[in-house]
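Input: a single structure, listed below in structure tokens.
Bear in mind these aren't lab numbers, they're just calculated from the coordinates by the rules spelled out. For clarity, every value in this text was computed on a predicted model and none was experimentally measured. Methodologically, a virtual Cβ is constructed for each residue, glycine included, from the backbone with ideal geometry; neighbour enumeration extends over all protein chains shown.
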Amino acid sequence: MARFDPRKLYIVQMLHTSSSPEHPVTAQQIADYLVEKNIRCDEETVLRETELLQLSGVPILNGDNNSKTFYIEK
């Protein structure tokens with residue numbers, strides 16, 4: 001059984017509530033949000049986690065043809 005990973009949950013939550021195609025959020029903004037939640041994180045971790053979420057079927061898209069900005073398809 002996989003262990004619960006709050007980092008992925010918070011990433012999806014932030015993207016769902018704070019992003020859109022017109023206003024994607026940066027990997028650094030997501031990392032800062034996670035640090036506020038007392039979750040150790042940096043930009044590289046966010047990039048890795050968003051890629052894993054995308055591969056698992058979460059509809060996270062890159063904004064403005066930029067691999068470091070994201071929004072979730074609603």
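Considering only DSSP states other than H, G, I, E and B, which GluC sites (Glu not before Pro) in the range 26-74 qualify as loop sites with at most 14 other Cβ atoms within 10 Å?
The qualifying sites are Glu73.
Nothing charged except the Cβ atoms of Lys and Arg (+1) and of Asp and Glu (-1): what's the magnitude of the dipole of the chain about its Cα centre? Round to the nearest 20 debye.
Here the size comes out at about 300 debye.
Tell me the label only: which of (i) 51, 28, 22; (ii) 67, 30, 21; (iii) 34, 25, 21 is Cα extents along the principal axes in Å as calculated from this structure?
(iii)
Taking springs between alpha-carbon atoms closer than 10 angstrom, which of Leu61, Leu15, Leu52 fluctuates most in the Gaussian network model of the chain?
With Cα springs under 10 Å in the chain, the top fluctuation among Leu61, Leu15, Leu52 is at Leu52.
Which one of Val25, Val12, Val58 has the biggest mean-square fluctuation once the chain is modelled by GNM with Cα springs under 10 Å?
The residue with the greatest mean-square fluctuation here is Val58.
Can you give the relative contact order of the range 6-72 as a percent, counting alpha carbon pairs under 8 Å and 6+ residues apart?
About 40 percent, as a whole number.
Roughly speaking, what is the stretch gain from Val58 to Glu36, that is 0.36 nm per residue apart minus the C-alpha to C-alpha distance, in nm to one decimal?
Answer, rounded to one decimal: 5.6 nm.
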